[in-house]
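Chemist: The structure is given below, and queries will be raised subsequently.
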Amino acid sequence: MGPLTQARRVVVKVGSALLVDAESARVNRAWLETLVEDLLCLRKRGQRVILVSSGAIALGRRRLGLKHGTLRLEESQAAAAVGQIRLAHAYKELLESNDVTVAQVLLTLEDSERRRRYLNARATLESLLELGALPVINENDTVATAEIRYGDNDRLAARVAQMTAADCLVLLSDVAGLYNADPNRDPNARLIPEVRQLTPQIEAMGGRSASGLGSGGMAAKIAAARIALSAGCHMCIAAGAPRHPLRRILPAGVTGTRGRFDRGDTVSVLATDGSEVARGIVAYSDGDAARIMGRKSSEIAELLGFRGRDEMIHRDDLVLLRQEGTGAVAVTAPQPAR
């Protein structure tokens, strides 16, 4: 299990390039439906979810005939006013059709930097989560001026994660993660799978947004990481364009099976060195487990002919025997008690 599956509170940020179709300037509804399904899966696991969503300006500018070039401040504010109502309607329609109450919250930079406003915003978000609502947050672009703007929703999402004591922040982007060079210019650019410390070398890898719709870039994501990490929150940058973007980053850690077991049996979980690290109730037989191990949850139905659980062993059915992480694991039928 990684930080995303273990998190009690998760903040998910969606960029404009993912949410808004570049040609039609309308909500990419087919993709959004799969994101909502992923958010619902997190909630079903008992996790509390907050969504930070870009897209209002991108949705509103075409409606107002502002198709090309950089917008003036007043044009951006007008576009945000028009686009925000369309954005909120899309989320309301999809989430409330699944019996989830959605709430819109608009913030400015001052709401996270002035103590009274910070406390008020935090109290509102806490109340919404306690009442079972899913907050959808965006910058209040209709009133924010250059002096009081975040400028990008990556940093806004990090402030929200900080404000709500979230355990994990996921930035869904048009890039797969942090590279040591610009992958659009350098074919040899290498993905950095994990960063444990924000060194000057890491910060130097920041670049500009690859999308013409968004205002963020890798520099903004690194700045967001600095905010999140200072609050004790894990952060993940993930490619958001594929459908079911959250489901694609849940860890697939099973590397092998031993012995015979059926769904509902108690099995041992072994580390790569063969030592037993946990026991739990398995959701698949040994045959089905062998077919789906190492694959994504979205592929289970196609591989098995039925849609099972996303987890081989759900954390509610798992007892850890030791805490240290050892990477990939194997599932095995337990030996007789000694």
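The values are calculated or read from the model by the stated rules, or taken from the named source; none is laboratory data. Only a predicted model underlies this, so the values are computations on that prediction, with no experimental measurement involved. No Cβ is skipped: glycine too gets one built from the backbone with ideal geometry, and neighbour counts run over all protein chains shown. For the accessible areas, the whole protein counts, side chains as well, though only heavy atoms, and no ligand, DNA or RNA atoms are used. Shrake-Rupley method; radii C 1.70, N 1.55, O 1.52, S 1.80 Å.
Chemist: How do 117, 61 rank by accessible surface area computed with a 1.4 Å probe, from largest to smallest?
Modeler: I get 117, 61, largest accessible area first.
Chemist: Looking at 71, 280, 233, which one has the Cα that reaches farthest to the positive end of the dipole of the chain (charges on Cβ: Lys, Arg +1; Asp, Glu -1)?
Modeler: 71
Chemist: Top to bottom by accessible area (1.4 Å), largest first, where do 185, 115 land?
Modeler: Highest to lowest solvent-accessible surface, that is 185, 115.
Chemist: Using a cut-off of 13 Å between beta-carbons, work out the net charge of the residues near residue 62 (Lys and Arg +1, Asp and Glu -1, residue 62 not included).
Modeler: +2
Chemist: If you don't mind, there's one more thing I want to ask. If the elastic network links every pair of Cα atoms under 10 Å, which of 266, 142, 70 fluctuates the most in the Gaussian network model of the chain?
Modeler: So, out of 266, 142, 70, the one fluctuating most is 70.
Chemist: Measure off, as a whole percent, the carbon and sulfur share of the 1.4 Å-probe accessible area of the chain, all protein chains present.
Modeler: Here carbon and sulfur together make up 47 percent of the probe-accessible area.
Chemist: Who wins for biggest fluctuation among 157, 80, 301 in a Gaussian network model of the chain, springs between alpha carbons below 10 Å?
Modeler: Top of the fluctuation ranking is 301.
Chemist: What angle do you read, to the nearest 10 degrees and between 0 and 90, between the alpha-carbon axis of helix 73-96 and the longest principal axis of the chain?
Modeler: For helix 73-96, the angle is close to 30 degrees.
Chemist: If r is the Cβ-Cβ distance from residue 306 to residue 81 and R0 is 45 Å, what FRET efficiency results, to the nearest 0.05?
Modeler: After rounding, the FRET efficiency stands at 0.45.
Chemist: Rounded to the nearest 20 debye, what is the charge dipole size of the chain about its Cα centre when +1 sits on each Lys and Arg Cβ and -1 on each Asp and Glu Cβ?
Modeler: 200 debye
Chemist: Give the percent of DSSP beta bridges with both residues in the chain that are antiparallel, rounded to the nearest 5.
Modeler: Around 30 percent of the beta bridges assigned by DSSP in the chain are antiparallel ones.
Chemist: Looking at the square roots a ≥ b ≥ c of the eigenvalues of the Cα gyration tensor of region 1-125, which shape do they give, rounded for a/c under 1.5, prolate if a/b is larger than b/c, or oblate?
Modeler: oblate
Chemist: Same structure again: For a test of the definition: using alpha carbon positions, the gyration tensor, and the 1.5 limit on a/c, classify region 39-185 as rounded, prolate or oblate.
Modeler: The shape class here is rounded.
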